[in-house]
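*Asks:* Sharing a structure with you now.
Quick note: the coordinates plus some simple rules give every number you see, no bench work behind them. The structure displayed is predicted, hence computed values, not measured ones. In this analysis, Cβ positions are derived from the backbone assuming ideal geometry, glycine residues included, and neighbour counts consider all displayed protein chains.
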Amino acid sequence: MDIKVIGPGCINCQNLEMMVINALAKLGVAANVDKVTDYSEFGKYGVFGTPGLVINGNLKVAGRVPTTNEVRKWIEEEL
């Protein structure tokens, strides 16, 4: 599983990254979690508001911090 947390490194981006890591641990799922902080890359993923979350190439959210349940559901859907 390939997960990208997209954003400049703000507190919302950090919170989203921690949600992803915690959800992966609870589900017992191994994944490659990358942070994309280069503004020129954001648009390539369809993210025009941060934070953004891309799982296996699929944009799940952009411009808001999702709930923990949303993150967990999206990871489960991509398994």
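*Asks:* May I ask for the angle, rounded to the nearest 10°, between helix 11-27 and the longest principal axis of the chain, with both axes built from Cα atoms and the value confined to 0 to 90°?
*Replies:* Approximately 20 degrees, to the nearest 10.
*Asks:* Distance in nm between label sites at Asn58 and Glu77, each 7 Å beyond Cα in the beta-carbon direction?
*Replies:* For Asn58 paired with Glu77, the spin-label model returns 0.6 nm.
*Asks:* Give, as ranges by residue number, the residues of the range 26-42 whose backbone N falls under 11 Å from the point 7 Å along Cα→Cβ of Met1.
*Replies:* 26-33
*Asks:* Using only helices, what value at 222 nm comes out for the chain when you add -39,500 (n - 2.57) per DSSP H run of length 4 or more and divide by the total residues, to the nearest 500 deg cm²/dmol?
*Replies:* Roughly -12000 deg cm²/dmol at 222 nm, from the helical runs in the chain.
*Asks:* How long, wide and thick is the range 2-78, going by the Cα atoms along their three principal axes, in whole angstroms, largest first?
*Replies:* 33, 23, 17
*Asks:* In addition: Are there chymotrypsin sites (Phe, Trp or Tyr not before Pro) in the chain that DSSP puts in a loop and that have at most 16 other Cβ atoms within 10 Å, and which ones?
*Replies:* Phe48
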